[in-house]
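Just so you know, all these numbers are worked out from the coordinates, no wet-lab data involved. These figures come from a predicted structure and were not determined experimentally. Cβ coordinates were reconstructed from backbone atoms using ideal geometry, including for glycine residues, and neighbour counts include every protein chain displayed.
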Amino acid sequence: MDSMLIGSFPRPSSLGIAGGRERADRFQKAFIPRSHLVVKFSRCGARNILERQSDIRSQQHLLEQSIRSFEERTKFYKRHDKTCLVNAASGYPLESKPEAYKPKSIWDSLKNSLAAFYRFSRPHTVIGTALSIMSVSLLAVERLSDISPLFFTGVVEAVVAALLMNIYIVGLNQLSDIDIDKVNKPYLPLASGEYSVATGVMIVTSFSILSFWLGWIVGSWPLFWALVISFLLGTAYSIDLPLLRWKRFAVVAAMCIVVVRAVIVQLAFFLHIQTHVYKRPAVFSRPLIFATAFMSFFSVVIALFKDIPDIDGDKIYGIRSFSVHLGQKRVFWICIALLEMAYGVALLVGLSSCCLWSRVITVLGHAILATTLWRRAKSFDLSNKAAITSFYMFIWKLFYAEYLLIPLVR
């Protein structure tokens with residue numbers, strides 16, 4: 001019976017790095033001495049010798065494959081050891097490479113989160129709300145001594161509570177219009193997928209609760225009821241429930257915006273400062289009546305114009321806005337005519353002022369705004385959607401400018 005004894009194999013790490021059959025031959029010569037290879041021949045003759053040679057060749061082939069496998073594993077372990085050492089020294093997990101495990105910095109994550117929330121909050125409405133409340137609050141100031149820490153505290157309370165409610169309203173509108181916004185405003189966080197529906201619900205719920213909580217602890221009834229009415233109208237405007245989602249009906253949708261922007265903001269926040277902060281009886285002064293009337297015109301314009309750039313999505317999802325009914329061009333010129341009429345009334349109010357400085361500032365200011373609006377409208381391109389959106393933002397800038405002039409009407 002034939003046998004072959006192989007012994008004294010080296011450890012895998014001591015193998016050479018060369019390749020091929022030559023490497024196998026050197027390995028066999030170096031580590032398999034002939035003294036350890038014992039072959040007992042039988043009387044089978046040449047046939048058995050050939051079979052033994054074939055066996056030896058096959059065993060050499062297997063040995064060569066084993067050497068190659070050892071070398072590949074050795075190289076892998078060397079690379080892995082180096083990687084682990086580098087990772088351990090740099091603070092990364094041992095099983096991964098530093099370049100594969102490179103999370104965003106906290107600062108980048110914070111910037112991305114703030115940018116998404118900035119778009120979610122619809123900043124032009126936030127600015128408009130804050131500016132309008134501060135402007136109307138100044139109408140309650142009768143003398144220089146009224147500008148006091150108590151006044152600023154009352155204004156801050158009103159602004160913060162209103163902004164929390166404002167974010168609830170615009171957030172709820174986005175939650176109700178995700179599919180429409182994918183067509184009209186794909187950059188919004190819910191439409192783009194940056195925010196999940198659960199995240200949107202969490203934001204609007206928490207902000208509405210915080211708004212009511214702040215309004216309640218302040219103890220101002222005008223402020224609290226302003227928040228309640230804004231909440232109810234904002235919810236009815238957007239939420240898709242039976243008898244609600246009033247934005248589907250052009251006239252009702254416009255009335256919701258007029259009530260909140262023109263009536264609630266002017267009267268409720270004026271009374272908040274007048275009755276809660278200054279403890280004076282409620283009065284409706286000439287500047288307050290002017291502000292309410294002028295902003296009624298302006299709120300109608302905002303309600304009409306906001307649907308002009310959104311006509312594509314509104315048509316697809318059955319929102320029968322004035323732009324869908326009448327066409328973009330006709331609605332655009334209706335908005336321009338309403339604003340020019342409002343500026344004309346403001347000029348007459350300014351001319352009738354008994355205060356010279358108020359007369360000069362209000363007349364000159366409204367004349368500049370009216371002229372600027374007309375010149376820009378004449379060069380407006382309705383076929384360009386980007387131009388429509390830009391003009392809508394220009395309308396909001398006129399809105400801001402008006403609130404800078406309103407406290408000067410005396």
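Tabulated data
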{"item": "Links that overshoot a 19 Å alpha carbon limit, given the list 182/315; 111/385; 329/378; 185/247", "result": "111/385"}
{"item": "Sorted peptide list for 338-346, 243-251, criterion being average Cβ within 10 angstrom, highest first", "result": "338-346, 243-251"}
{"item": "Label-point separation in nm, residue 333 to residue 144, each point 7 Å along Cα→Cβ", "result": "5.1 nm"}
{"item": "Projected label distance in nm at residue 283 and residue 228, using a 7 Å step from Cα toward the beta-carbon", "result": "2.8 nm"}
{"item": "Cα gyration tensor of region 296-409 - equivalent ellipsoid semi-axes, whole Å, descending", "result": "31, 13, 11"}
{"item": "Sum of side-chain charges, residue 373 neighbourhood, beta-carbon under 11 Å (Lys, Arg +1; Asp, Glu -1)", "result": "+3"}
{"item": "Alpha-carbon spread of region 117-283, three principal axes, descending order, Å", "result": "52, 31, 24"}
{"item": "Region 289-410: relative contact order as a whole-number percent, Cα under 8 Å and 6+ apart", "result": "29 percent"}
